[in-house]
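Worksheet for the structure shown next.
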There are 2 protein chains.
Amino acid sequence: MARLDESLIAGLAPFRKLDRAQIREILDQSAPRRHDEGAEIFREGEEADRFFLLLDGFVRVLRTTPTGEQVILRHLPPGQLIGIAPAMGRTTYPATALAASESLTLAWPVRLWSVFIDRYEGFAAHTLGAMGQRFQDLHDHVAELATKAVEQRVAACVLRMVNQTGRKVEGGIEIAFPVTRANIAEMTGTTLHTVSRLLSAWEKEGIVESRRKHIVVTQPHRLMLLSGVVG
Amino acid sequence: MARLDESLIAGLAPFRKLDRAQIREILDQSAPRRHDEGAEIFREGEEADRFFLLLDGFVRVLRTTPTGEQVILRHLPPGQLIGIAPAMGRTTYPATALAASESLTLAWPVRLWSVFIDRYEGFAAHTLGAMGQRFQDLHDHVAELATKAVEQRVAACVLRMVNQTGRKVEGGIEIAFPVTRANIAEMTGTTLHTVSRLLSAWEKEGIVESRRKHIVVTQPHRLMLLSGVVG
DNA sequence: CTCCGAGTTTGCGCAAAATCAAAATGCGAG
DNA sequence: CTCGCATTTTGATTTTGCGCAAACTCGGAG
């Protein structure tokens, strides 16, 4: 539990306004869970009977199309509530959540949702704020897919991951969780072949360095140019 | 105001659980507005100082990219609350809303939002439900853009409009608000040329009929096949 | 140490769709 | 009725990026 304690600071954003006793109350009702990399936290279509707080690690939210392809909708960093579909009146999860890296969550039975909303000040506001942010992201994502060329999309995708989760290392900024070419392809609506070609080209240009499942951006500003956020 | 009265029945879904006196109370605080086709209801980036209930007509929600292209994110039918970003902690509107056809809205100053939430039972639940639905739609939209080929996307887009707003006419189902080829292109991330070619081809096949700004689907099941919702 | 498999790289040809260009068609205003 | 503009259609050309195929590389299991 040393790991848990150390994660709590980062992970308790939704409960920021609460006092120590209230936090204890909430934690006492939760079940901590550890998820290996790649493990399924919940699956699309399952009965939505729990919601989670991501304490540590990263979660990939994806959807499987009727024809079997997977689309990665979003990555979530620690501190986010996940699986909150039931709060929006859904009885089943609308997407699947996988641990993108070894992760730590707290899980609560869904009936506690309304209790939390009623009892803890700031909880509802925090949730709505998070939903607003996710709307924003989804709108961006749609706009990007609809207007940008493949290279721009991939550049924007890498930048987004860097912004959300980048950590400084010598020589650049690295993405803090394992990402394969195929993952990036699933996010950007292209193929792993194309992603591989682009990353190779960028590596030749000195814009990024990548080992397997692992990307370091050495010249973020040049990626920004490619992504077309500026003229 | 005859028009308004007649619209109220359809438009008051968010207040379904209220009694007559409560509805009167709410209406008394609202300002009705008429919007011509193409008129702007609110604009991306503006201070979000009001929210709206769409009583009649259809609203197009769109976003303008830094490079000037427009992306249509969604169409909203009567009965929907729009401009509810402030409820999610935003101070500015995250997208632009245009009247897709002549429309009628009620507008409230944003400070009433929390009053409504506190005072009227079912209001919060209705809002959350609507947000859940929009998340679902956005996820679908992303998945569609990411995995489907152009013809499938356009087919799915036409079907979506038909499902949301279709009205039966002799010979098929028509989309109830004006849509141009360019509009469809903005929704599906393609060009109006391609959309035009597809619609022409479908017309030759007898799947749709279209005059300008106006589409009637005569064989929905064949569009479904094209959209790839089935194997 | 070697084997194996997941992940990655690369080449080539092709089909889909964008772009360029131009004409045709309606619709509404005067 | 006619003009002008917005919308739509269509053709020719070019580009993009996907599908297929094959090879390579790294890292871990035995």
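The values are calculated or read from the model by the stated rules, or taken from the named source; none is laboratory data. What you are looking at is a predicted structure, and each value in this text was computed from that prediction instead of being measured. Cβ sites come from the backbone with ideal geometry, for glycine too, and all protein chains shown count toward neighbours. Note: accessible area is taken over every heavy atom of the protein model, side chains too, but ligands, DNA and RNA are not part of it. Shrake-Rupley method; radii C 1.70, N 1.55, O 1.52, S 1.80 Å.
Structural remarks
- Restricted to region A:136-156, and to residues there that are more than 11 Å from chain B (Cβ to nearest Cβ) and away from DNA strand C (no atom under 14 Å from the Cβ), the residue that is nearest to the chain's Cα centre (by Cα) is A:Ala156.
- Of all residues making up region A:180-227, the number that are outside any helix (DSSP H, G or I) and more than 23 Å from the chain's Cα centre (by Cα): 3
- Index of the failed condition, B:Ile41 passing every other in (1) surrounded by fewer than 21 Cβ atoms within 10 Å (Cβ to Cβ); (2) touching a residue at least 24 places away in the same chain (Cβ under 8 Å): (1)
- Of the residues A:Arg134, A:Arg119, A:Arg111, the single one that is surrounded by 17 or more Cβ atoms within 10 Å (Cβ to Cβ) and either at negative phi or not assigned by TED's automatic domain parsing to the domain that holds A:Leu223 (or both) is A:Arg134.
- Residue satisfying all of: in region A:181-226; of a type in the set (Ser, Thr, Tyr) and either open to solvent by 40 Å² or more (accessible area, probe 1.4 Å) or farther than 26 Å from B:His139 by Cα (or both); farthest from DNA strand D (Cβ to nearest atom) among these: A:Thr218
- If you go through region B:146-159 and keep only what is buried (at least 19 other Cβ atoms within 10 Å of the Cβ) and either assigned to a strand (DSSP E or B) or touching an Asp or Glu at 6+ places or on another chain (Cβ under 9 Å) (or both), you end up with B:Ala146, B:Thr147, B:Arg153, B:Ala156, B:Cys157.
- Close pairs from region B:193-206: first within 14 Å of chain A (Cβ to nearest Cβ), partner within 7 Å of DNA strand D (Cβ to nearest atom), Cβ under 7 Å, at least 6 apart: B:Val195/B:Arg181
- Some residue of region A:57-68 being open to solvent by less than 10 Å² (accessible area, probe 1.4 Å), within 15 Å of the chain's Cα centre (by Cα), within 14 Å of chain B (Cβ to nearest Cβ) and more than 24 Å from A:Tyr120 (Cβ to Cβ): yes
- Total residues in region A:165-179, condition open to solvent by 50 Å² or more (accessible area, probe 1.4 Å) and either closer than 20 Å to B:Val142 by Cα or more than 17 Å from the chain's Cα centre (by Cα) (or both): 3
- When B:Ile26 is tested against the conditions (1) in contact with a helix residue (DSSP H, G or I) (Cβ under 9 Å, 6 or more places away or on another chain); (2) surrounded by fewer than 16 Cβ atoms within 10 Å (Cβ to Cβ), the lone failure is (2).
- The numbered conditions (1) open to solvent by less than 30 Å² (accessible area, probe 1.4 Å); (2) free of Cβ contacts under 8 Å to residues at least 24 places away in the same chain are all true for B:His141 except (2).
- Residue within region A:163-178 that is facing chain B (nearest Cβ under 10 Å), assigned to a helix (DSSP H, G or I) and away from DNA strand C (no atom under 13 Å from the Cβ) present: no
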